[in-house]
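Participant: Dropping a structure here in structure tokens format, bear with me for questions.
The values are calculated or read from the model by the stated rules, or taken from the named source; none is laboratory data. Source: prediction; values computed, not measured. For neighbour counting, all protein chains shown are included, and Cβ atoms are generated from backbone atoms with ideal geometry for every residue, glycine included. Please note that ligands, DNA and RNA were not included when accessible areas were found on the heavy atoms of the full protein model with its side chains. Shrake-Rupley method; radii C 1.70, N 1.55, O 1.52, S 1.80 Å.
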Amino acid sequence: MRNAIDLAFQKGRVEKKPLLISYTVCGDPNKKKSLEILKSISEYVNIVEWGFAHNCPTADGPDIQNSSYRAIKNGVNLKDTFKLVKDYKKYKNSKPLILMGYYQMIFHYGEKRFVKKCKEVGVDGLIVVDLPWPNNKDIAKLCKKNSICFIQLVAPTTTKKRMKMIIKDSHQILYQISMISTTGKKLKVSSKEIIKNNKIIKRINPKKNVVVGFGINKKNISSLKKCDGLVVGSAICKEISTSLKNRQNPVKKLNKMVKELKRKMS
Amino acid sequence: MKIRKGIPLIDQHDKNGFYGGKFGGNFIAETAIKPIQDLSKLFEKLRKDKKFLKLKDYYFKNYLKGETPLFKLENLTDHLGGAQIWCKDVSAIHGDAHKAYHATVNALICKAAGKKYIVGDTGAGMFGKNLAMAARELKLKCKIFMGTKDIKRQAPNVKFMREAGAEIIPVSSGSATLVDAVSECMRYYVSNCDTTHLAVGSAIGANVFLKICAYSTAQISRELKKQLLEEFGEIPKMKLVNVIGGGSSAAGFWSEFIHYPKKHIELIGVEAKYCAPLTTNAKLAILHGAAQYCLTDKNGQIKETHSISAGLDYPGVSPLHCFLKDTGRARYCSASDEQALAAFKLVTQLEPSVKPSLEPSHCLHEVIRLAPKLNEDEIIIYNNCGHAYKDRKIIQEKIGYYPT
Ligand SMILES: Cc1ncc(COP(=O)(O)O)c(C=O)c1O
């Protein structure tokens, strides 16, 4: 399976640069603005992750929760999300797009229908927060058939034995959760510790691209440059909240912020 | 879908934690997988461990003050002029509700796991209060997650929790009720699962949590079975009526009786009218780590609910009850706020010795509806699973007085 995500990592390897991956929520602060944000930050990020909001997000901290609640309040649903993905993908500077969310939303929509729709609108990857291996084997296979990269997660609590099995069933990317935490908490482990865990994963299969997320922000991002990719989510979502509070344009603010993140990575 | 013979209710699941192949499971973040597997292993070991069982029995007997009574409500029976109405008065336990059992067992498991911190969710405050008390008894540090709406309407229990030394974490997201408290508590667990034991307040959540809960409340039906044999010399033909919030009290009240034919023992669950996934044919959904019938909107979001009773104000229900419903073993109906209040009023007027909280008052509505239609030799037993002191203010406001 070769898709746009592969190509992005290939390029990163040649340039010896980690990829910057953003996470925002589709529909936050509203449908139109969330698309504008995505287009605007595509100037600097290599891959975009887009959350489809759920109102019982049991693994998210306050920043991403706020983004999700705002999106739901603005009436965004999966139908809108797919339409907005399609719009984004038409944009000339669009980047590979990963959808991320909770299983309830997919289950309600219908697993097969969901994956089919993902393919139709041009989704490149999928993360389901609360459908851990091996419960995700079916949907992962379905994704593979449709050339969508299903992304498995690995946590600091994952045993080595389990990790090997997860990696064996994984597609091109693995998502390394940096610490024992929900999203949006202060990084409570050292960069050294994260890189140590990263190496353990890489040693099991050096061909897999391992991206690191949870707790990454402009303060710590440069210390993690050795990883294949870094995901910044809560810090970006928080910036949306802040700009709304200060009546600033979130599109402009986020463009600036992501530019700064990118600079710190090089 | 079938109940497998000779297997306890909580063990009717498959290797992935699904009851009837579709209810329950483990829809949890990767971070919590290992801690939950460890907990599962520990729980399965402890429930076979003679020393642990002895310890549990010791605490049930000495700390929770032993068996709760079973008695006939003579006046109510006479008044309604039909079936005999019996009360299994679980509210007589030290802790005033069935939540005492799983709070205590969770504290003992936390201790056995070598953990010092325990966290739990609460709606009515009954689980929170009991967990706070058990934590104090076993010298554990305790945090209770509670919606801000519930903190206001169940103030007496908040006071109990604080006095027992627990830290209360107010939850203001969403509807600021139980569903949000459970979500926030689970988030806390994901972030602290290496040091902290999670005690889920009802028979909900990932497989091991609902198992621990229903395992603990099963004490109610073990006692009832013994008391029935003493009283009647046999297990009589009867109807067991219980309120359903998450479903922990009903699971415990029924668990010893699920293998009896329906004609012999009928199981009736009563939901709150606007939190009634089983009564309203709600869709299957994933909530708090498990697949269950649950109120959702057309987009698949979890619906906000309303009940006068904080302990019932929850959109989902235990996978165990989804299973009992679809196997046809139990039937479910609902009662409104007003019906529960009217039942409370009638029962407390006739039977000054019982004071059901608003939760069991819901099932009393169904008891009152059924009894006159049945013969005098028929038996209805309801689970009086909580005491009304916590609802004093609401009751006073709604019916004009609080019975003394
Ligand atoms: C007294 C009482 N009964 C019933 C319930 C409902 O929960 P469950 O159905 O799990 O017993 C509660 C919940 O707090 C309660 O306090």
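Participant: Rounded to the nearest 10 Å², what accessible area does B:Thr77 show when all protein chains are kept and the probe is 1.4 Å?
Facilitator: Here the residue's solvent-accessible area equals roughly 10 Å².
Participant: Something else: What trypsin sites (Lys or Arg not before Pro) in the range B:57-92 are in a loop by DSSP, with at most 16 other Cβ atoms within 10 Å of the Cβ?
Facilitator: Loop-located and lightly packed - B:Lys65.
Participant: Determine the calculated [θ] at 222 nm for chain A from helices alone, applying -39500 (n - 2.57) to every DSSP H run no shorter than 4 residues and normalising by the residue count; nearest 500 deg cm²/dmol.
Facilitator: The helix-only estimate for chain A comes to -14500 deg cm²/dmol at 222 nm.
Participant: Here is a further query. Magnitude of the Cβ-charge dipole of the range A:18-257, K/R +1 and D/E -1, about the Cα centre, nearest 20 debye? Intermediate values should be presented prior to the final figure.
Facilitator: On the way: 47 positive and 17 negative charges, 106 e Å.
For the range A:18-257, the charge dipole is close to 500 debye.
Participant: A further question on this structure: I'd like the chymotrypsin sites (Phe, Trp or Tyr not before Pro) in the range A:7-104 restricted to DSSP loop residues with at most 12 other Cβ atoms within 10 Å, sorted by number.
Facilitator: A:Tyr91
Participant: Let me ask something else. What FRET efficiency, computed as 1/(1 + (r/R0)^6) with R0 = 51 Å and r the Cβ-Cβ distance, is obtained for B:Arg222 and A:Lys32, rounded to the nearest 0.05?
Facilitator: With R0 = 51 Å, the Cβ-Cβ based efficiency is 0.25.
Participant: Then there is this: Using the Cβ atoms and a cut-off under 10 Å, what net charge is assigned to the surroundings of B:Ala124, where Lys and Arg are +1 and Asp and Glu are -1?
Facilitator: Counting the neighbours of B:Ala124, the net charge comes to 0.
Participant: OK, next. Over the Cα atoms of the range B:1-154, compute the convex hull volume and normalise it per residue, giving Å³. Each step should come with its number before you reach the end.
Facilitator: Working: hull volume 30.0 nm³, N = 154.
Measuring per residue, one finds 195 Å³ for the Cα hull of the range B:1-154.
Participant: Say we join alpha carbon atoms closer than 10 Å with springs in a Gaussian network model of chain A; which of A:Ser223, A:Ser147, A:Ser241 then has the biggest fluctuation?
Facilitator: Evaluated over chain A, the most mobile residue of the options is A:Ser223.
Participant: Take every DSSP beta bridge with both residues inside chain B and express the antiparallel ones as a percent of the total, to the nearest 5.
Facilitator: Numbers: 14 of 51 bridges.
For chain B, the DSSP antiparallel bridge percentage is about 25.
Participant: Further question on the same structure: In a shell of Cβ-Cβ distance under 11 Å around B:Ile258, excluding B:Ile258 itself, what net charge do Lys and Arg (+1) and Asp and Glu (-1) give?
Facilitator: Its environment carries a net charge of +3.
Participant: Placing one identical point scatterer on every Cα of the range B:62-131 and ignoring solvent, what is log10 I(q)/I(0) from the Debye formula at q = 0.20, 0.22 Å⁻¹?
Facilitator: -0.84, -0.93
Participant: Could I ask something else about it? On alpha carbon coordinates alone, what is the Rg over Rh value for chain B, Rh being the Kirkwood radius?
Facilitator: For chain B, the value is 0.94.
Participant: Using a 10 Å cut-off around each Cβ of peptide B:42-51, what is the average number of partner chain Cβ atoms that fall inside?
Facilitator: 0
Participant: I'd like the residues of the range A:115-131 whose 1.4 Å-probe accessible area shrinks by no less than 40 Å² going from the isolated chain to the full set of protein chains.
Facilitator: A:Asp130
Participant: Here's another thing I want to ask about it. List residues of the range B:30-71, by number, whose backbone nitrogen lies under 13 Å from a label position 7 Å along Cα→C-beta of B:Lys15.
Facilitator: Of the residues in the range B:30-71, none has backbone N under 13 Å from the label point off B:Lys15.
Participant: Taking the solvent-accessible surface of protein heavy atoms with a 1.4 Å probe, what is the per residue accessible area of the protein assembly as shown in Å²?
Facilitator: Per-residue value: 39 Å².
Participant: As a test of the formula, what do you get for chain B when each DSSP H run with n ≥ 4 contributes -39,500 (n - 2.57) and the sum is divided by the residue count, at 222 nm and rounded to the nearest 500 deg cm²/dmol?
Facilitator: Values: 15 runs with 164 residues, N = 404.
Value at 222 nm, helices only: -12500 deg cm²/dmol.
Participant: Something else: So how long is each side of the range A:18-257 along the principal axes, counting just the alpha-carbon atoms, biggest first, in Å?
Facilitator: 47, 41, 34
Participant: Within the set of other residues whose C-beta is less than 12 Å from the C-beta of B:Ser221, count the net charge using Lys and Arg as +1 and Asp and Glu as -1.
Facilitator: Working: positive: B:Lys88, B:Arg222, B:Lys225, B:Lys226; negative: B:Glu223, B:Glu256.
Within the 12 Å Cβ shell, the charges total +2.
Participant: Next question. Can you give the mean number of other chain Cβ atoms that lie within 10 Å of the Cβ atoms in peptide A:98-104?
Facilitator: 3
Participant: Provide Rg and Dmax in Å for the protein assembly as shown, with only Cα atoms included in the calculation.
Facilitator: According to the Cα coordinates of the protein assembly as shown, Rg and Dmax are 26.2, 87 Å.
Participant: Now a separate question. Hey, if you put +1 on the Cβ of every Lys and Arg and -1 on every Asp and Glu Cβ in chain B, which of B:Ser216, B:Pro156, B:Asn26 ends up farthest toward the positive end of that dipole?
Facilitator: B:Asn26
Participant: While we're looking at this one, here's another question. Tell me, what % of the accessible area of the protein assembly as shown is carbon and sulfur with a 1.4 angstrom probe? Kindly include the intermediate steps, with their values, before the conclusion.
Facilitator: Values: 13560 of 26370 Å².
Ligands and nucleic acids excluded, carbon and sulfur give 51 percent.
Participant: Beyond a 22 Å Cα-Cα separation, which of these cross-linked pairs lie in this structure: B:Lys65/B:Lys149; A:Lys168/A:Lys199; A:Lys17/A:Lys145?
Facilitator: Cα-Cα > 22 Å for B:Lys65/B:Lys149; A:Lys17/A:Lys145; rest within.
Participant: For A:Lys262, list the aspartates and glutamates whose Cα falls under 12 Å from its own Cα; do not include residues on the same chain fewer than 8 positions away.
Facilitator: Of all the aspartates and glutamates, those that pass the test against A:Lys262 - Cα under 12 Å, at least 8 places apart if same chain - are A:Glu43.
Participant: In nm, give the distance between the simple-model label positions of B:Lys283 and B:Lys298, each being 7 Å from the Cα along the Cα-to-Cβ direction.
Facilitator: 1.1 nm
Participant: Considering protein heavy atoms only and a 1.4 Å probe radius, which residues within the range B:289-328 exhibit an accessible-area decrease of no less than 30 Å² in the full assembly relative to the chain by itself?
Facilitator: B:Asn299, B:Gly300, B:Gln301, B:Ile302
Participant: Could you tell me the total accessible area buried at the A-B interface, probe 1.4 Å, in square angstrom to the nearest hundred?
Facilitator: Roughly 2800 Å² of accessible surface disappears when A and B pair.
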